[in-house]
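Below is one structure; the comments refer to it alone.
The values are calculated or read from the model by the stated rules, or taken from the named source; none is laboratory data. The model shown is predicted, which means the values in this text are computed figures rather than measured ones. Glycine also receives a Cβ, built like all others from the backbone with ideal geometry; neighbour counts cover every protein chain displayed. Heads up: the accessible areas ignore ligands, DNA and RNA and are worked out on the full protein's heavy atoms, side chains in. Shrake-Rupley method; radii C 1.70, N 1.55, O 1.52, S 1.80 Å.
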Amino acid sequence: MDAPVIDTRPIVAAGPKAPAHGIKVRTRDVSVFYGDKQALSDVSLDMADRAVTALIGPSGCGKSTFLRCLNRMNDTIQGARVEGVIELDGEDVNARAVDPVALRARVGMVFQRPNPFPKSIFENVAYGPRIHGLTTSKSELQDVVEQALRRAGLWDEVADRLDQSGSSLSGGQQQRLVIARAIAVDPEVILMDEPCSALDPIATARIEELIDELRQQYCIVIVTHSMAQAARVSQQTAFFHMGQIVEIGRTDELFTNPKEQRTLDYITGRFG
Amino acid sequence: MFGLVLICLAVFSAATYGLARRKVLQAAHGSGTRPHSRPKYHGAHAALWAAIPALLVLVGLAVAAPRIITAVTWADLPAAAPSVEPFRSQFQYDAEAIAAGSIPSAVAYSADQRAALAAHADRISALSGMLRLGGLVAVGLAALMGGLYAWSRARPDYRARNAVERWVGGLLFATSAIAVLTTLGIVLSLVWESLRFFQTVSPLEFLTGTHWSPQIAIRADQVGSSGGFGAVPLFVGTFLIMGIAMLTAAPIGLMAAIYLAEYASAFQRAWIKPLLEVLAGIPTVVYGFFAALTVGPAFRAGFNRLGEYLLGGPLNDLGLYLMGVQNQMALVAGVVMGIMLIPFVSSLSDDIINAVPQSLRDGSYAMGATQSETIKRVVLPAALPGVAGAMLLAASRAIGETMIVTMAAGLQARITANPLDSVTTVTVQIVTLLTGDQEFDSPKTLSAFGLGLTLFVVTLILNIVALRIVQHYREQYD
Ligand SMILES: Nc1ncnc2c1ncn2[C@@H]1O[C@H](COP(=O)(O)OP(=O)(O)O)[C@@H](O)[C@H]1O
Ligand SMILES: [Mg+2]
C-alpha cells in the first residue's frame with residue numbers, strides 16, 4: 001500500500017500571489033546535528049519553483065545549515081547528521097538511491113565569498129559540463145560556456161579574455177562568474193548563501209538584477225543579512241531564529257505586517 | 001680567576017639593580033610624581049650599564065693578552081735561545097708553557113739554554129701578572145664608571161624603559177649577527193680556497209672536463225698533474241642519484257600527502273603523520289648501512305636471478321650483464337635516499353594541500369564533483385606551484401646528501417645514465433679528498449673546495465627558486 005510519504009499541505013504563503021508553478025523543494029521536520037549540538041530543529045518549508053525564497057535571521061541561527069541540507073553539502077562535514085524529509089520534485093533527496101553527486105548537479109550553490117577555481121575564466125565555467133560529460137565536442141562546450149556567461153550577465157565583460165585567470169576579475173565579476181559556473185550545468189534549483197555580503201553596492205545591485213532574471217527559470221533560495229535585499233529580490237521569506245522557523249510569509253506581507261513579535265523586532269533592528 | 005671576576009661582576013650588577021631601583025622609588029615618593037618607567041626598568045638599566053661595558057673589556061683583554069705577551073717577549077728572546085726555526089719558536093712555546101704551569105715539550109736543550117728558558121719563562125709570567133692586574137683594574141673601572149653613569153640617570157623622569165629596550169634590541173641584533181657572520185665566513189673561506197684551486201686548474205676545465213682522477217695528481221711534479229679535474233662525471237653521478245631519489249620520493253610522498261590531507265580521518269592522521277615523521281628522524285648513517293647491507297645485496301641478488309633467467313633466451317646479452325651486477329649501484333643509493341625524502345616531501349605537500357582554501361573544495365562539491373574529481377581538478381592544480389617548490393627543496397637535499405651515497409653508490413667517476421652502474425657524487429668525492437692525511441696545498445685537496453663551492457651555488461639557486469615559488473603560492477590565498 002502506498003502510504004503518503006509526507007504531509008503535502010503547502011507550508012507556503014497563500015493568497016492571490018500563491019506559487020504559479022508549484023512547489024519545487026519541500027522540507028518537513030528537518031533537524032541537523034553537528035556532533036551532539038543541534039543546529040536546526042523541525043524546520044518545515046516549501047520553496048516554490050520560478051520564485052525566490054529568502055531566508056533571514058540573526059547569525060548562527062542555522063540558515064546556512066538549512067541551505068546546505070538541500071544539496072546534501074552537509075554530507076561533506078564530518079559529524080553532521082540530518083533528520084527529517086527533504087523532497088526535490090517529490091523525491092526524497094536523502095534516499096539511498098539518490099547519489100549526492102547527481103543531486104548537486106540539479107541543485108547548484110553560490111557561496112558567500114566568491115570562490116573561482118584557480119583556472120581560466122573559460123575553464124571555471126566549463127568545469128561542471130566537463131565533469132558531468134554534458135558536451136561532446138569542443139564547439140558545443142564553447143556554446144554552453146558562452147550561454148552561461150551571457151545568462152550571468154558577464155559575457156560582454158570577459159568575452160575577449162576567457163583565458164585569463166578567474167581570480168583576475170573584480171569581486172562582483174567573480175561572483176557572477178561563480179553563478180555562471182553554477183548555471184552551466186543547467187540546474188533546477190540555485191542556492192545562494194549571502195552572495196552579496198563581500199560586494200560593494202554597485203556589484204550588489206547587478207547581482208540582484210541577475211537574481212531577478214534567473215527567477216524566470218529557476219527555483220532560487222537565498223540567504224541574506226540585508227532586509228532590504230530580501231524585500232527587493234524575494235517573493236517568499238522565512239525568518240529563522242535559534243535553529244527554528246519563526247515565521248513564513250509572502251515577502252511584502254512579512255515585512256509590512258509580521259505576525260510574530262520576534263519577526264517585528266528583527267526586521268526593525270531591535271535585535272540581531 | 002676569570003670565573004671569580006665574572007662572579008664579582010654579577011654581584012656588583014645585582015647590587016646596582018637594587019640601588020638604582022630604590023633610588024628611583026624614593027625620589028618618586030619624595031616628589032610625589034610617577035616615574036616615567038617602572039622601577040624595575042631603572043634597576044635593569046643600571047645593572048646593564050654596570051655589567052656590559054666591563055664584560056666587553058674583560059673579553060677583549062682575555063683575547064688580546066696572550067697575543068700581547070707573545071709579541072712583547074718574542075721581540076727580546078735571550079741570546080742563548082736557538083737561532084734556527086722551528087726550534088726558536090719551540091723555545092718560545094716552551095717558555096710560555098712553563099710560565100702557565102704546564103709541561104714543556106721534550107726538546108733536549110743545552111744547559112745554558114735551559115737556564116735561559118727558565119729566565120724567559122719568569123719574564124713571561126711577570127708580564128702576564130702585570131697584565132692581569134692591569135686588566136682587573138680596567139674591568140673594575142669599567143664596571144664602576146658604567147654603574148655611576150646609570151646611577152646618575154636613575155631619576156624618575158628618565159626614560160629607562162626605552163633605554164633598556166634599546167639594549168635588548170642591540171643584544172638580539174648581536175646574536176643574529178653571529179649567525180650571519182658565520183655564514184659569511186664559511187662562504188668567504190670556500191671562495192678563497194676555491195680561488196687558489198682555480199689558479200692551478202682552470203674553471204672551464206673543471207666545469208666541462210669529463211675526466212676525474214685526482215689521485216694521480218698527488219705530487220705536483222707528476223706529468224698531467226692537472227689532467228684529472230673534470231667534474232662533469234661527479235655532477236652526472238649526483239644528478240643521476242638525485243633523479244632516482246626524486247622518482248621514488250615524489251610520487252610516494254605526494255600520494256601520502258593527498259591521503260593525509262583529503263582522505264584520512266582525524267584519528268588516522270593523528271597516527272600516520274607522527275609515524276611518517278619518525279622516518280625523518282632516522283640518522284642518515286642508518287639509512288646508509290641499510291642501503292649498503294640490506295638493499296644493495298637484495299637488489300643485486302634480484303638482478304642476478306633475473307639475469308640467470310634470461311640466459312640463453314633472446315635477451316642473452318642482457319642476462320649476462322645482469323648476472324654481473326654488483327652491490328654498489330646508483331639505484332640502491334637513489335632508492336634509499338628517496339625513502340629518506342618521503343616524509344620531507346609528504347609533510348611539506350600536506351601543509352600546502354591543507355592551505356588550499358576549503359571554499360574551493362566546497363565550490364567543486366557543490367558543482368556535483370566527486371572527491372577524486374575535486375582533488376584532481378581543483379585541489380592539486382591549486383597546490384601545484386607549492387608542491388613544485390617542495391620538490392625542489394627535496395631535490396636540493398638529495399644533492400647535498402652524503403652518507404647514503406658514500407656507503408652505497410661506489411666510487412667510480414663515470415658519465416652514465418645506467419642506474420645499475422656504480423657512480424660517485426660530488427659529496428662523496430669531497431669526503432674522500434679530505435679524509436685521511438692530506439697535504440693541504442695540493443690541487444687534490446683544494447679541488448674539494450672547488451667542488452664544495454659549485455655544489456653550494458647549485459643548491460643555493462635551487463633553494464632560492466623553491467622558496468620563491470612556495471612563498472608566492474602562500475601569498476596567493478591570504
Ligand atoms: N561545521 C560545523 N560544525 C559544528 N557546528 C557548526 C558547523 N557549521 C555551523 N555550525 C553551528 O551551527 C549553527 C548554525 O550555523 P549556520 O548554519 O552557519 O548559521 P547562519 O548561517 O544562520 O549564520 C551555529 O551555532 C554554528 O556554530
Ligand atoms: Mg551562514
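Quick look at the numbers
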{"item": "Separation between Cα centres of segment A:87-110 and segment B:89-154, rounded to whole Å", "result": "91 Å"}
{"item": "Segment B:2-158: C-alpha gyration tensor shape, a/c 1.5 cut-off, then a/b vs b/c", "result": "prolate"}
{"item": "Within straight-line cross-link reach of B:Lys444, aspartates and glutamates at Cα separation under 20 Å, skipping those fewer than 8 residues along the same chain", "result": "B:Glu193, B:Glu205, B:Asp221"}
{"item": "Chain A: calculated mean residue ellipticity at 222 nm from DSSP helix runs of at least 4, using -39500 (n - 2.57)", "result": "-9500 deg cm²/dmol"}
{"item": "Three-way shape label, chain B, alpha-carbon gyration tensor, a/c 1.5", "result": "oblate"}
{"item": "Per residue accessible area in Å² of segment B:2-158, where ligands, DNA and RNA are left out and the probe is 1.4 Å", "result": "58 Å²"}
{"item": "Mean ellipticity per residue at 222 nm, deg cm²/dmol - from DSSP H runs of n ≥ 4 across chain B, formula -39500 (n - 2.57)", "result": "-25500 deg cm²/dmol"}
{"item": "Lysine pair number, Cα distance threshold 20 Å (strictly under), chain A, separation 8 or more or different chains", "result": "4"}
{"item": "FRET efficiency, B:Gln268 to A:Leu134 (Cβ-Cβ, R0 30 Å, nearest 0.05)", "result": "0.25"}
{"item": "B:Ala388/B:Val107 FRET efficiency (R0 60 Å; Cβ-Cβ; nearest 0.05)", "result": "0.40"}
{"item": "Degrees separating the helix B:296-310 axis from the principal Cα axis of chain B, which is the longest one", "result": "20 degrees"}
{"item": "Span from the segment A:143-216 Cα centroid across to the segment A:239-272 one, whole angstrom", "result": "30 Å"}
{"item": "Anchor B:Lys40: lysines whose Cα lies under 16 Å away (excluding residues fewer than 8 positions away in-chain)", "result": "B:Lys23"}
{"item": "Global geometry of the protein assembly as shown, whether rounded, prolate or oblate, following the gyration tensor of its Cα atoms and the 1.5 cut on a/c", "result": "oblate"}
{"item": "Protein accessible surface hidden between A and B, which excludes ligands and nucleic acids, total in Å², probe 1.4 Å", "result": "1700 Å²"}
{"item": "Dipole moment magnitude, nearest 20 debye, the protein assembly as shown about Cα centre, only Lys, Arg, Asp, Glu C-beta charged", "result": "2460 debye"}
{"item": "With at most 16 other Cβ atoms within 10 Å, longest stretch of chain A clear of loop trypsin sites (Lys or Arg not before Pro) (DSSP)", "result": "A:97-258"}
